[in-house]
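The values are calculated or read from the model by the stated rules, or taken from the named source; none is laboratory data. From a predicted model like this one, the values you see are computed outputs, not experimental measurements. Positions of Cβ are backbone-derived with ideal geometry, glycine not excepted, and every protein chain shown enters the neighbour counts.
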Amino acid sequence: MKQILFILLIFYTSTASGQNKCSLKLESNVTQLQKKGIIELSVTNTGNRKIKINKDFSAYRLQLLKIRENVPNKENRIDYTADVDCFADCIKNTVRLKPGKNYIYTIPIKETIQYAKLLNGRTYSFHLFFDFIDLTPEVCNIYGLTDNEVVYTKTNYE
């Protein structure tokens, strides 16, 4: 009888802890980058409970890495990565994201730290780096982002 109770107790605790799983799938979208100067970050709750996420995603949390100017017979690189820290009150306004639902952040490229280093009319290729330190106050499994190279020609967005 004690063995059956022990087995039931183990089964109950394993299923109860599995119900509180926090899992987020992230996807970036650059289809509006050239036309409107916007990068979209989609966050989907793939877990089985509500998760608090930050309502806003700071453009300082998106950085352009491995920036290369696309010039024939020449390799112009911009190696500038900022160390952006958040010391207090990083998560101000939150949204409760239900299981299976997604939330989309729109991030203007002109508000990123490296944008000022790019010259108008020139074409660049780079990789996107998202810093998720203040995405959620919860410890979650975060997956889904791919490290694709982005090609972009800088223009003025009004």
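Among the residues here, Ile38 does not qualify as closer than 30 Å to Thr123 by Cα, touching a Leu at 6+ places or on another chain (Cβ under 8 Å) and either surrounded by 15 or more Cβ atoms within 10 Å (Cβ to Cβ) or at pLDDT 85 or above (or both). Between Leu119, Leu135, Leu128, the distinction of being of a type outside the set (Asp, Glu), surrounded by 13 or more Cβ atoms within 10 Å (Cβ to Cβ) and in a loop (DSSP other than H, G, I, E, B) belongs to Leu135 only. If I filter segment 23-47 down to residues being under 13 Å from Asn102 (Cα atoms) and outside any strand (DSSP E or B), which single residue comes out as nearest to the chain's Cα centre (by Cα)? My answer is Thr46. Pairs meeting the criteria (first residue in segment 105-129 and free of Cβ contacts under 8 Å to residues at least 24 places away in the same chain, second residue charged (D, E, K, R) and surrounded by fewer than 18 Cβ atoms within 10 Å (Cβ to Cβ), beta carbons under 9 Å, at least 6 apart or on different chains) are Ala116/Lys110.
The residues of segment 98-151 that are of a type in the set (S, T, N, Q) and over 30 Å from Arg49 (Cβ atoms), listed by number, are Thr112, Gln114, Asn120, Thr123, Ser125, Asn148.
Within segment 22-33, none of the residues are at pLDDT below 90, farther than 17 Å from Asn141 by Cβ and touching a strand residue (DSSP E or B) at 6+ places or on another chain (Cβ under 6 Å). Screening Thr94 with (1) in contact with a helix residue (DSSP H, G or I) (Cβ under 7 Å, 6 or more places away or on another chain); (2) at pLDDT 70 or above gives one miss only, at (1).
Is segment 146-153 home to any residue that is free of Cβ contacts under 8 Å to residues at least 60 places away in the same chain, within 30 Å of Asn76 (Cβ to Cβ) and crowded, with 16+ Cβ neighbours inside 10 Å? Checked segment 146-153: no residue is free of Cβ contacts under 8 Å to residues at least 60 places away in the same chain, within 30 Å of Asn76 (Cβ to Cβ) and crowded, with 16+ Cβ neighbours inside 10 Å.
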